[in-house]
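Let me begin by presenting the structure, written as structure tokens, before commenting on it.
The values are calculated or read from the model by the stated rules, or taken from the named source; none is laboratory data. Quantities reported herein were computed from a predicted structural model and do not represent experimental measurements. Backbone-built Cβ (ideal geometry, glycine too); neighbour counts: all protein chains shown. Please note that ligands, DNA and RNA were not included when accessible areas were found on the heavy atoms of the full protein model with its side chains. Shrake-Rupley method; radii C 1.70, N 1.55, O 1.52, S 1.80 Å.
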Amino acid sequence: MFNSTISFIKEKFDQQAFIPLHEPCFAGNEKEYLLECIDSTFVSSVGKFVDQFEDKVAKFTKAKFAIATVNGTSALHTALLLSGVEKNDEVITQALTFIATCNAISYIGAHPVFVDVDKATLGLSAEKLEEFLSANTQVINGICINKLSKRKIKAVVPMHTFGFPAQMEELLAVCKRYSLPIIEDAAESLGSLYKGKHTGTMGLFGVFSFNGNKTITTGGGGMIVTDDLELAKKAKHLTTTAKIPHKWDFVHNQIGYNYRLPNVNAAIGCAQMEMLPKIIAKKRALAADYKEYFELQKVNFVTEQKESLANYWLNTLILNDVNERNSFLEETNAQGVMTRPIWKLMNHLPMFNKAQTDGLENSKWLEERVVNIPSSVKF
Ligand SMILES: *Cc1c(COP(=O)(O)O)cnc(C)c1O
């Protein structure tokens, strides 16, 4: 049934026997910087590459400050803490996301509340958010209270799914009316812009991941970005064991985290950042080829929306129904073309199956139909 699509993908990837979904691409100075790290003995949490990597990400995204962390989940955890989320509070996010978003909320003892996504962007829907907040909450003394649970809602976390920017302008306008800060889960969207602004730089905080499957990788790693100097200082402090700088004394003034990114990982990150513009250009060229092909095949290939620029981290199809999706997954994987379905909705997992939702009409529809297809780039 999907033989023509399988042939097209195999041709794009030089007839490789197995085509992974997303491979890292090391075509720059990775080896050189790693050797430099080892020769210098600075392989751990001290070293020049960490500062350089932070500078490179800040410059690229035009964020005022960037703080490197050991992975994207720890970056999310820290950003939520510094946004004022506390135990028993609630955080609104998408049910259509990777588990890390909800894990980070849970680490604090806070509870996720799931609002539907937009069908075109696959990210949190501003319209559904407004509907949910107006029907279910009341703002008292600047604090948004959930009328059903009586808990405080403290933050909203939209996620830029597969690199497609969410409707940030509308989301920011809604959140402002309800006194809610936005933390952008931009783990998948390094290189994606919304109305000329980099994803992750429009909310109070943005968070990136450099896991092995992401657009660029540091092995494992993450980054917090913000334009707020005080919050940036707190983020650095909290993620580096809350140590007060001193020549020899060990003074820590709160319970901090060892969320430091090692220098070896940052070294890879510096080399990857140098390649990022070229990687994005290649990813966008592959997406353009896919788009042309799938339009002819009358298959729904997800594209960037007007005034957005997507990094096309993972190319995405929306198939007609769950049966077609299952056959697609069976046939492609059987022939060495790795494809996968979108994540299970978070409220379908045992840890979050009692969470409040708005019905999640679009999320459920997408859960049955969305697949990702091979998206690596090579030089
Ligand atoms: C990858 C990812 C993260 C962070 O993951 P880490 O593996 O901890 O770096 C967070 N949210 C989303 C949506 C992701 O895809």
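Summed over the residues of the stretch 30-273 and divided among them, the accessible surface reaches 40 Å² per residue at a probe radius of 1.4 Å.
In a DSSP loop and with at most 15 other Cβ atoms within 10 Å, the GluC sites (Glu not before Pro) in the stretch 20-123 are 86. Positive-end ranking of 239, 272, 366 along the dipole of the chain, with charges on Cβ about the Cα centre, is headed by 239. A full extension of the chain between residue 274 and residue 139 corresponds to an added length of 44.1 nm, given 0.36 nm per residue minus the alpha carbon distance. Counting charges near residue 142 (Lys, Arg +1; Asp, Glu -1) among other residues having Cβ under 14 Å from its Cβ returns a value of +4.
In this simple spin-label approximation, residue 21 and residue 213 carry label points 7 Å from Cα along the Cα→Cβ vector, and these lie 0.4 nm apart.
Charge tally for residue 169 (other residues, Cβ to Cβ under 10 Å; Lys, Arg +1; Asp, Glu -1): 0. Structural size metrics of the stretch 30-273, computed from C-alpha coordinates, are Rg and Dmax of 18.1, 60 Å. Beta bridges per DSSP, both residues in the stretch 30-273: antiparallel share near 60 percent. Using a probe of 1.4 Å, the accessible surface attributed to residue 151 totals some 80 Å² when neighbouring protein chains are kept in position. Cross-link list 64/195; 59/291; 87/364; 10/119; 195/344: which exceed 27 angstrom alpha carbon to alpha carbon? Going by Cα-Cα distance, 59/291; 87/364; 10/119; 195/344 fall outside the 27 Å limit.
If you take the charge dipole of the chain about its Cα centre, with +1 on Lys and Arg Cβ and -1 on Asp and Glu Cβ, which of 309, 343, 91 is farthest toward its positive end? Result: 91. The distance between label points at residue 353 and residue 365 comes to 2.6 nm (points 7 Å beyond Cα on the Cα→Cβ vector).
Using the beta-carbon distance between residue 177 and residue 330 and R0 = 41 Å, what value does 1/(1 + (r/R0)^6) give for FRET efficiency, to the nearest 0.05?
Numbers: r = 47 Å, r/R0 = 1.14.
E between residue 177 and residue 330, to the nearest 0.05, is 0.30.
Along the stretch 216-221 the Karplus relation, 6.51 cos²θ - 1.76 cosθ + 1.60 evaluated at θ = phi - 60°, assigns HN-Hα couplings of 10, 9, 10, x, x, x Hz to successive residues, with x for each Gly and Pro.
Applying 1/(1 + (r/R0)^6) with r as the Cβ-Cβ distance of residue 323 and residue 378 and R0 = 25 angstrom yields a FRET efficiency of 0.15. By accessible area, using a 1.4 Å probe on protein heavy atoms only, the chain has 54% of its surface on carbon and sulfur. On the basis of the beta-carbon distance and an R0 of 51 Å, residue 233 and residue 4 show a calculated FRET efficiency of 0.35.
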